[in-house]
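A short worksheet on the structure shown next.
What follows draws every value from the coordinates through simple rules; no lab data is involved. These numbers come from a predicted model, not from an experiment. Every residue, glycine among them, receives a Cβ derived from its backbone with ideal geometry; neighbour counts consider all protein chains shown.
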Amino acid sequence: MVSWARGRIATSVRMDVDDGVPVDLRGGLDDQAFLAIGDGIEITLRESHVRALRDQATAALGDMALVEAADRVVDAVYNAGAQARTAAVLAREKAEAAQRAGAGDQATAAFEAARHAAEAAEQAQAAVRAAAEAMRFADEAAETARAAARAATRGTPGQDAGQPPCPV
């Protein structure tokens, strides 16, 4: 999206920056700071922007750590479910073999173990689905909150009359 703001073009841009790309933030004159990304991108920020980024950095790093931890937990639950499913199949096969061999008590115990393992696999699968749905819901809620915050700042003191808000 491109819009005119005080004789300048204000642009909304999304970019993904790889880990190896250098990022540098340095102060300058006239209440300005410069954010350099790689060799070809430089963004001019005001002191208020840098302060806002400083205040948000800890929360963003915390959010990233929580998401990473949640991913590890969901992976562990998924793997546990897969192991339970495999154990259920194996227990069922052994129960059938025990039944064919006339070992009724062992067959009954193996069928019961297979049933418990299958139930555990189902619960793990349901937990993974619930976690995925919760993550999607949280992402949507966060985006709605960010949009509401942007809308709330439109027309606030300090914005030039008739200047459209920057869509960032």
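Extension gain, residue 83 to residue 108, is 6.9 nm, computed as 0.36 nm per intervening residue step minus the present C-alpha separation.
Among 100, 115, 85, the largest mean-square fluctuation in a Gaussian network model of the chain, built with springs joining Cα atoms closer than 10 Å, belongs to 100. When only the Cβ of Lys, Arg, Asp and Glu is charged (+1, +1, -1, -1), the dipole of the chain relative to its Cα centre reaches about 380 debye. Across all directions, the average flat footprint of the convex hull enclosing the Cα atoms of segment 83-123 is 2.2 nm². Label zone of residue 93 (point 7 Å out along Cα→Cβ, amide N under 20 Å): in segment 119-143 this covers 119-122. Lys/Arg Cβ at +1, Asp/Glu Cβ at -1, dipole of the chain taken about the Cα centre: which of 87, 152, 135 is farthest positive-ward? Checking the options against the dipole of the chain, the answer is 152. Count Lys and Arg as plus one, Asp and Glu as minus one, and take only other residues whose Cβ is under 14 Å from that of residue 132; the net charge is then -3.
Each semi-axis of the equivalent ellipsoid for the chain is √(5λ) with λ an eigenvalue of the Cα gyration tensor; in descending order they amount to 58, 18, 12 Å. Using 0.36 nm per residue and subtracting the Cα-Cα separation, the extra length available between residue 130 and residue 21 on full extension is 35.7 nm.
Between residue 100 and residue 49, residue separation times 0.36 nm minus the direct Cα-Cα distance comes to 10.9 nm.
Tell me whether segment 7-60 comes out rounded, prolate or oblate; compute the Cα gyration tensor, take square roots of the eigenvalues as a ≥ b ≥ c, and use a/c under 1.5 as the rounded threshold. Rounded, since a/c falls under 1.5.
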